[in-house]
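The values are calculated or read from the model by the stated rules, or taken from the named source; none is laboratory data. Only a predicted model underlies this, so the values are computations on that prediction, with no experimental measurement involved. Cβ atoms come from the backbone with ideal geometry, glycine included; neighbour counts cover every protein chain shown. For the accessible areas, the whole protein counts, side chains as well, though only heavy atoms, and no ligand, DNA or RNA atoms are used. Shrake-Rupley method; radii C 1.70, N 1.55, O 1.52, S 1.80 Å.
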Amino acid sequence: MSEQNKFAKLEYDGKVYTLPVIIGTENEAAIDISKLRDMTGLITLDPGYKNTGSTQSAITFLDGETGILRYRGYDIEELAEHASFMEVACLLLFGDLPTQSQLTRFEKDVAEHSLLHEDMRKFFDALPSTTHPMGVIAAMTSALTSFYPRSLDPYRPPHEVYRTMVRSMAKLPTIAAWAYKASKGHPFNYPDNTVDYCSRFLKMMFAMPTSPYEIDPVLVGALNKLLILHADHEQNCSTSTVRIVGSSLASLYSAIAAAINALGGPLHGGANQEVLVMLRKIKESGVSTKTFIDKVKSGDKSARLMGFGHRVYKNFDPRAKIIKKACDDVLNKLGINDPLLGIAKELEEAALNDDYFVSRKLYPNVDFYSGIIYQAMNIPEEMFTVMFALGRLPGWIAQWKEMLDMKQAIGRPRQVYIGATQRAFVPMDKRVDTK
Ligand code: ACO
């Protein structure tokens, strides 16, 4: 970051104000308006933060115009091809790719904390069986603060911070697998710390007392890749939630629980489940992809092309390219011929050649093909967004840590008030129903 003596001038009410321009390491330029209100009495208005930088950050760079995504400077394509999810987690959390001994130490620390406190088992029984697994994992993550109250310490000695970060990484897969088991009424599996992070999760998901789980390297490889692709995405809705909740010095667990709730919405991480629902509806109703695309174009909100469009990618989402290829590879290796993949490809082809989508710069996003891989892995639809949360976790933690290290002020946007101006209190007997 540098200011490089660049300035923007703002003319308002006959006066000219000079505002510094901040240039990022990838030459992104931002007008620094942090003193604007003191200087001019003005605030800026940007609903949905479409054009507002909420922070400086050294974690993830993305260029939505050219489809670039990098974690700590490394291209997502290279990381997805060569790294494990644990390596990428280290990269995000600590800033550099780990050496073998650093990675081994981190994996060991995470494995050591993978158990849940036995009292937490009761919570799974207490929630109604209708609870969406995202609701379960949010509630359980929130509860971690009660089991580890030191995470509330605002002065956080570094070893406590590290332990809280490690506990979060360690326990969320156990929570997620148990949420699934609870939804099925199956017995819970304890984590097997002799295997790697992804295998451990798959074993907890699928092992049964009646049939042990055989670790399949194809599935483990696919899971590593999917988690890496979701691991961070700069200041998206759930990550901004982590930073804003964390800025009040709430515990990391509280901030992650809030982020899980934000991620669950269908316009964010919930889209991966919605894509499968959409593909299945198309298949079951027998409508052609053309008819469906026409319905989407008619503006019918019930027929939005889920898994398409992105707030920042206006050319292509690099993650979608990698996932599409991974989807083909995994289905081939597993010998699965999923008709939903055919429908997805037809929809993509039709949309990419249709002016409605082209003119609005709508391309497949990370969620368009991920559900098809998860389905091939036997992961049920309602767990798709949970899988996204597992992937995004190191990103959330890294962003929380960065926010604290920067001593960022508490997040507190302003507003432009458009309600009633001052009026006198009306006693009950004088009130009139005007609606
Ligand atoms: N299908 C049909 N039309 C769409 C779609 C879509 N998936 N996405 C955007 N549009 C249209 C809008 O209707 C709008 O058209 P208009 O200008 O005629 O009104 C135009 O494209 C711009 O869309 P916005 O909603 O203004 O774009 P925004 O940046 O606010 O929203 C979003 C981005 C929420 C991702 C949107 O594209 C969407 O709803 N996509 C489907 C849901 C989805 O896949 N979400 C996952 C995103 S990736 C992630 O969170 C991991």
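Restricting things to alpha carbons, tell me how big segment 351-435 is in terms of Rg and Dmax, in Å.
Here Rg and the maximum Cα pair distance are 24.6, 65 Å.
Add -39500 (n - 2.57) for each DSSP H run of 4 or more in the chain, then divide by its residues: what number comes out at 222 nm, to the nearest 500 deg cm²/dmol? Can you show the working numbers first?
Numbers: 18 runs with 221 residues, N = 435.
So the calculated ellipticity at 222 nm is -16000 deg cm²/dmol.
Quickly work out the Thr44-to-Arg121 label distance, labels modelled 7 Å from Cα along the C-beta direction, and quote it in nm with one decimal.
Modelled inter-label distance: 5.3 nm.
Just list whichever of Lys15/Lys314; Lys181/Lys297; Lys181/Lys281; Lys283/Lys314; Lys108/Lys321 have alpha carbons separated by over 31 Å in the model shown.
Result: Lys15/Lys314; Lys181/Lys297; Lys108/Lys321 exceed 31 Å.
Considering all alpha-carbon pairs of segment 189-292, what whole percent are spaced by more than 23 angstrom? Walk me through the intermediate numbers first.
Numbers: 2901 of 5356 pairs.
Value for segment 189-292: 54 percent of Cα pairs lie more than 23 Å apart.
Accessible area, 1.4 Å probe, largest first: how do His117, His159 sort?
Correct descending sequence by accessible area is His159, His117.
By the scheme Lys and Arg +1, Asp and Glu -1, what is the net charge of all other residues having a beta-carbon under 15 Å from that of Leu116?
+1
Mind grabbing the accessible area of Val358 for me, 1.4 Å probe, Å², rounded to tens?
70 Å²
Taking the Cβ-Cβ separation of Val16 and Met208 as r and a Förster radius of 56 Å, what is the calculated FRET efficiency to the nearest 0.05?
Values: r = 72 Å, r/R0 = 1.29.
So the FRET efficiency works out to roughly 0.20.
Could you look at the chain and say what percent of its accessible area is carbon and sulfur, using a 1.4 Å probe and all protein chains? The partial results should precede the final answer.
Numbers: 11920 of 22540 Å².
So the carbon and sulfur contribution to the accessible surface is 53 percent.
Can you sort Val432, Val416 by solvent-accessible area, 1.4 Å probe, largest first?
Val432, Val416
Could you tell me what % of all Cα pairs in the chain have separations over 31 Å?
46 percent
Give me the accessible area of Glu81, 1.4 Å probe, in Å² rounded to the nearest 10.
About 120 Å², rounded to the nearest 10.
Compute the accessible area per residue over the chain, keeping the other protein chains in place, probe 1.4 Å, unit Å². Let's see the in-between values first.
On the way: 22540 Å² over 435 residues.
That works out to 52 Å² per residue.
Please report the accessible area of Ile33 (heavy atoms, 1.4 Å probe, ligands and nucleic acids excluded) in Å², nearest 10.
Here the accessible area works out near 70 Å².
Sorting Tyr148, Tyr374 by accessible area (1.4 Å probe), largest first, what list results?
Ranked list, largest accessible area first: Tyr148, Tyr374.
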